[in-house]
Amino acid sequence: MASDGLLNGLKLYGSWASPYTHRVQLALKLKGLEFEYIEEDLTNKSTSLLLHNPIYKKVPVLLHGDHSIVESVIILQYIDETWTDNSLLPSDPYERALVRFWCYFIDDKLGTTLGTVFKSAGEEQKKAVSEVHENLKLVEGELQEGVFKGRRFFGGEKIGLLDIVLGCGSYWLSVFEKVADVKLIDSEMFPLFCSWLKDFEEQPEVKEIIPAIDKLLEYAHGVRQLMLSLSSTAGDPTTTTTTITGDDQGSKD
Amino acid sequence: MAREKGVVLLDFWVSPFGQRVRIALAEKGVDYEYKEQDLINKSEHLLKSNPVYKKIPVLLRDGKPISESLIIVQYIDEVWSNKAPLLPAEPLARANARFWADFIDKKVYECGTRLWKLVGEEQEAAKKEFIEIFKLLQGELGDRKFFGGETFGFLDLALVPFVAWFYAYETFAKFSMDEECPKIVAWAKRCMERESVSKTLSDPNKVYEFVLFLKKKFGVEY
């Protein structure tokens, strides 16, 4: 049942190419929650964004009334705990722990190595590509033998938290393949992952959120050219690159 | 293969991440078997229980493993929900606790490590950063008894194990947490009044000796 975003006082600060923003948009859509969306120019961040996320200064930021919630996986759990219909997390504590673990892995390992593939060239890129493969093998293994074995989605018959976190961002795999000229994924290497991803991307709510592939390709092309031209100078990644490479979650010890 | 029944914790004595789990189990009054791990020659049991990261702590319940300390603590909170709630009840307070615990995870240990691994200007920079991190945490604490308010909770236990490392950090990087962040030091004293904390945290002198051992191992001047 749709809820009036203005009544709920929901505002989302995001960026159109940010998979972390897509996660929150998808969760809100799945919960039938309307919200006001504010597109941020990450090269020129608004005072509102800096006010509501002073520590990390990043998107997405969810405003619920006067309160701001940041970090996409924390936002998703907040949404799930506040609007409890159509649960995104399973009810069993052990399964919840596994979902949280794999969400952590996706941002800590998979997202980071994918970002390195995108940012680098030559030997460094080759190493990053094989790390992405190792990480996808682990996900494939979970689908083959883990708690999620035999399911359509990680959440069961319907999309859950882990589907959202892994799915929003996996489209970069095929984008990076074209832009960085590498082989990241095919259905022979990762059959269960590929069929899950195809199913996920065909869900109507997902289709409404993920940007068109040619738009993503054009955007990624531009950013990669910029990064490669800057790569000789050891500097911080540009603001636009963090959108893709996803330092939304940072890295833990 | 028969699964080992009951609760088992694979851990390393001085690990602040492992200590979070031990404090949570103590708060809940859960019986468990503690298994000290050799982190240089990792056991089959550890490698099988955490094949992705091969790290401690790992909690096993009836043979089923869970990794990552804050995820383990949330699991403990949800399973043994009848006693000593760790996360607050209200979604916004929960999001806030998770945010700050995640902040601690991203920042404290890594910056602390630089305090003893580096020297000269780099160490100075790490010291500035470390103090800034704790000033932010001090700001979040405000004038409250605990991060959880009146009661000790998730965020308190996420941070408190690092208090045992203050003496080592202060000694090697030459500063005083009492001078820089007095409210944090006062909060730490209140936490230590709880048996779950005082019986779990390492003796700061032992942590200092451990860091000295690491410095020698990594060839850092001492």
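All of the numbers you see were taken from the coordinates with simple rules; none came from a lab. On a predicted model such as this, the values are computed, not experimentally measured, just so you know. Virtual Cβ from ideal backbone geometry, glycine too; neighbours counted across all protein chains shown.
Here the sum of -39500 (n - 2.57) over DSSP H runs of 4 or more residues, divided by the residues of the protein assembly as shown, equals -17500 deg cm²/dmol at 222 nm, to the nearest 500. Here the gap between B:F210 and B:E110, fully extended at 0.36 nm per residue and compared with their Cα-Cα distance, gives a gain of 34.4 nm. Charges were assigned to the Cβ only: +1 to each Lys and Arg, -1 to each Asp and Glu. The resulting dipole of the range A:67-153 about its Cα centre is roughly 240 debye. Which residue, A:S174, A:S68, A:S231, has the most motion in a Gaussian network model of chain A that connects Cα atoms within less than 10 Å? Maximum among the listed residues: A:S231. Using only alpha carbons, the range A:100-207 has a radius of gyration to Kirkwood radius ratio (Rg to Rh) of 0.96.
Helices assigned as whole DSSP H runs in chain A whose Cα atoms extend at least 27 Å along their own long axis and whose mean Kyte-Doolittle hydropathy is -1.0 or higher are found at A:161-180.
By the count of neighbouring beta-carbon atoms within 10 Å, fewest first, B:S81, B:S15, A:S170 end up ordered B:S81, B:S15, A:S170. The calculated Kirkwood hydrodynamic radius for the protein assembly as shown is 23.6 Å, given to one decimal from all distinct C-alpha pairs. Legend: calculated FRET efficiency, B:K117 to A:Q144, from the Cβ-Cβ distance at R0 = 56 Å, rounded to 0.05, equals 0.90. Rg and Dmax of chain A, based on Cα coordinates, read 17.8, 53 Å.
Compactness ratio for the range B:76-153: Cα radius of gyration over 2.2 N^0.38 Å (N = residue count) comes to 1.37. In summary, the range A:1-149 shows an alpha-carbon radius of gyration equal to 1.19 times the 2.2 N^0.38 Å reference for compact globular proteins. For the options A:L98, A:L230, A:L216, a Gaussian network treatment of chain A with springs between C-alpha atoms closer than 10 Å singles out A:L230 as fluctuating the most. Please give the FRET efficiency for A:K198 paired with A:E123, using the beta carbon to beta carbon distance and R0 = 45 Å, rounded to the nearest 0.05. FRET efficiency, A:K198 to A:E123: 0.90.
Fewest neighbouring Cβ atoms within 10 Å first, the residues B:V7, A:V24 line up as B:V7, A:V24.
Assuming 1.567 mPa s and 4 °C, estimate D for chain B with Stokes-Einstein, Rh taken as the Kirkwood radius over Cα pairs, in µm²/s. Roughly 71 µm²/s, to the nearest whole number. Measuring against 20 Å, Cα to Cα, the residue pairs A:K109/B:K54; B:K64/B:K107; B:K107/B:K135; A:K149/B:K64 contain B:K64/B:K107 as the ones spanning a longer distance.
A compact globular protein would have a Cα radius of gyration near 2.2 N^0.38 Å; the ratio found for the range B:144-183 is 1.34.
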